[in-house]
Every structure is written in C-alpha cells, then in structure tokens.
Amino acid sequence: MVATGVRFGVLAFACALYGWYFSITYLPQFLEQQYHLPNSSLLGALYKGGPLWMGAIGCLLGGVVTDAVIRRTGNRRLGRRLCGWIGHSLCVVCFLVAPCAPNAFVFFLAVSLAAFFTDLTGASAWATCQDIGGRYAAIVAAFMNMIAGLSGALAGWVTGSILESSITARAVQLGVAATSLTPEQTNAALLHGYHVNFYPFAALYAVAFLCWFKIDPTRLIATASTT
C-alpha cells in the first residue's frame with residue numbers, strides 16, 4: 001500500500017512539473033511572438049519572470065499552510081493532501097483560462113497563478129517524501145525529483161513537436177512550404193499550437209489532483225514492508 005502511495009506521489013509531481021516547465025522554456029518566446037513584448041521591455045521582463053516570483057511566494061505559503069493544518073487538526077494526511085488538492089485543481093483552471101486570454105496581462109495572470117499553485121504543493125510534496133521515506137527520505141525525494149525532471153524534458157520535446165506540427169499543418173492548408181509562410185501566418189499557426197499544448201497541461205494537473213487521494217504520508221516504507 002505504501003509503495004502505491006510513493007508511486008502516486010512521484011506521478012503527481014511529474015504531472016505537475018510537465019506543465020510548470022512551460023514557464024522556463026517557451027513562455028518568453030510566446031510572449032514575444034504573440035504579445036510583442038521585447039526583451040528590453042520592463043513589462044516584458046516582469047511578465048516573463050512572473051511565474052518564478054509567484055512560484056516562490058507559493059512555495060513559502062505552502063509550507064506554512066501544510067504545517068498549520070497539521071498543528072491545528074493533528075491530521076497529517078489532511079495537512080499534506082490539502083495543498084495538493086487546492087493547488088493542482090486550480091492549476092487546471094489556470095491552463096483552461098490561458099487559451100482564452102484576450103491580452104498579455106490576463107495570460108500573465110493565468111500562467112503566474114498556475115506557477116503559484118504548482119509551488120503551493122511543493123512543501124507538501126517534499127515533506128511527504130520525509131514522512132513516507134523515514135531514513136530513506138533522500139532516496140524517495142531523489143527518485144521523485146528525477147522522474148519530474150524527465151517529465152519536464154519530455155514536456156519541452158512534446159511542446160516543440162506540437163508547435164512544429166501546427167506550422168506544417170498551416171502550410172499544407174495554404175498549399176505552400178512552411179518556409180514560405182508570412183510572419184503573421186507563422187504566428188497564427190504557433191498560437192494554435194500553444195493552445196493545443198495548454199489542454200494537456202490542464203489534464204495532467206487533473207491527474208496530479210487525483211493522485212493526492214492515494215498519497216498517505218502516515219505510512220512509512222520501512223513499516224509497510226513488514227506488514
């Protein structure tokens with residue numbers, strides 16, 4: 001049963017990082033291409049860095065919340081799961097809103113809040129590694145982090161592949177080579193590709209939300225192996 005809890009914890013973290021990696025890979029390019037925010041723009045820098053500083057706030061707040069819930073209720077299972085449920089469910093909403101954003105500011109809010117709510121779950125995830133792992137906590141945490149990193153790498157490849165496919169499909173639709181598309185046509189194709197990517201991000205956050213129902217921080221690996 002505990003092994004199952006570990007697997008679901010790893011899966012939740014991997015699903016969350018899949019969408020989060022957009023903020024440190026394609027986000028600057030997206031803002032420049034779709035909303036024409038140049039590198040020299042202070043506002044552009046603020047928007048591009050928004051998910052990171054919002055994520056930092058979420059990470060700190062998540063640690064405070066998970067510990068406060070445990071102190072108040074004495075329920076470690078609830079204390080760890082609550083941030084996961086809240087954070088990952090709201091990430092689903094953020095990435096469903098992102099394709100509908102009418103301007104750069106609304107999009108900035110959507111992706112920055114997604115990062116905030118992703119990192120809101122961070123303290124609970126790492127603390128659960130300690131709860132479950134006991135003296136093997138470092139191994140559990142390292143395994144979770146490794147799988148999440150691989151998930152992020154996969155996200156970068158899949159996102160790029162979808163963008164390339166969107167450009168190719170647009171060129172085929174117009175009966176021209178992809179290199180012959182005008183900048184406006186290329187940006188329109190890329191916008192469609194980005195929107196296609198946002199829906200898998202939302203779906204995987206939904207999976208992460210469900211995983212928290214199976215994560216039990218009260219069952220140690222060592223004790224479970226003897227029961």
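Readers should treat all values here as calculations from the given coordinates under stated rules, not as data from a laboratory. Just so you know, these numbers come straight off a predicted model, no measurement behind them. Cβ coordinates were reconstructed from backbone atoms using ideal geometry, including for glycine residues, and neighbour counts include every protein chain displayed.
Of note:
- Rh (Kirkwood; distinct C-alpha pairs) - segment 87-162, Å: 14.3
- Identified option (computed mean projected area of the Cα convex hull in nm²; candidates (i) 13.5; (ii) 14.5; (iii) 35.1): (i)
- For the chain, the mean residue ellipticity at 222 nm estimated from helices alone is -27500 deg cm²/dmol, where every DSSP H run of n ≥ 4 contributes -39500 (n - 2.57) and the total is divided by all residues, rounded to the nearest 500.
- Taken over the C-alpha atoms, segment 93-227 has Rg and Dmax values of 20.2, 66 angstrom.
- Under the criterion of Cα pairs below 8 Å and six or more residues apart, the relative contact order for segment 76-158 equals 28 percent.
- Helical segments meeting 30 Å axial Cα length and Kyte-Doolittle -1.0 threshold in the chain (DSSP H): 42-73, 76-97, 137-174, 183-211
- FRET efficiency for Tyr136 and Leu52, using Cβ-Cβ distance with R0 set to 45 Å, rounded to 0.05: 0.90
- Net charge over other residues, Cβ less than 15 angstrom from the Cβ of Ile70 (K, R count +1; D, E count -1): +3
- Our note on the geometry: Cα centres of segment 1-59 and segment 142-172, 14 Å apart.
- Each Lys or Arg adds one and each Asp or Glu subtracts one; over the other residues with Cβ under 15 Å from the Cβ of Leu42, this totals 0.
- Point-to-point label distance, Asn75-Ile147, nm (Cα→Cβ direction, 7 Å offset): 2.6
- Overall form of segment 1-124 per C-alpha gyration tensor (a/c, 1.5; a/b vs b/c): prolate
- Positive-pole candidate from Ser180, Gly19, Gly58, dipole of the chain, charges at beta carbon: Gly58
- Average Cα contact separation per residue, segment 122-227, under 8 Å, 6 or more apart, as relative contact order %: 37
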